Amino acid sequence: MHPSRGGGRDAMALFTSRGPVAEVALSLNNNEVNIYGRAASEWKLQETLQGHDLRVTGIDWAPSTNRIVTCGAVSLLCI
């Protein structure tokens, strides 16, 4: 997990990648996780995952099983 903070209160992004950075999972301080894939030199949204009532606070991507695990502000774990 790699947190990134910008200047604003709502600018936090959590992201993780699988293997060589061809896919990333990120959450922009809300309850969704967006999966982006890289094609040539462009990143395109592939899927939006939902399941948390409050903002996502952590993301990890298991390379051997290709599963994403997230946790949210209410300590709910989604796999």
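Throughout, read-outs are computed from the coordinates displayed, never taken from laboratory work. It should be emphasised that the depicted structure is a prediction, and the values quoted were computed from it without experimental measurement. Because the Cβ atoms are built from the backbone with ideal geometry, glycine has one as well, and the counts that use them run over all protein chains shown.
Figures for the structure shown
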item	result
Ranked by how many other beta carbons lie within 10 Å on average, peptides 64-71, 51-58 from highest	51-58, 64-71
Potential lengthening between VAL74 and ALA39 on full extension [0.36 nm per residue; Cα-Cα distance subtracted]	9.1 nm
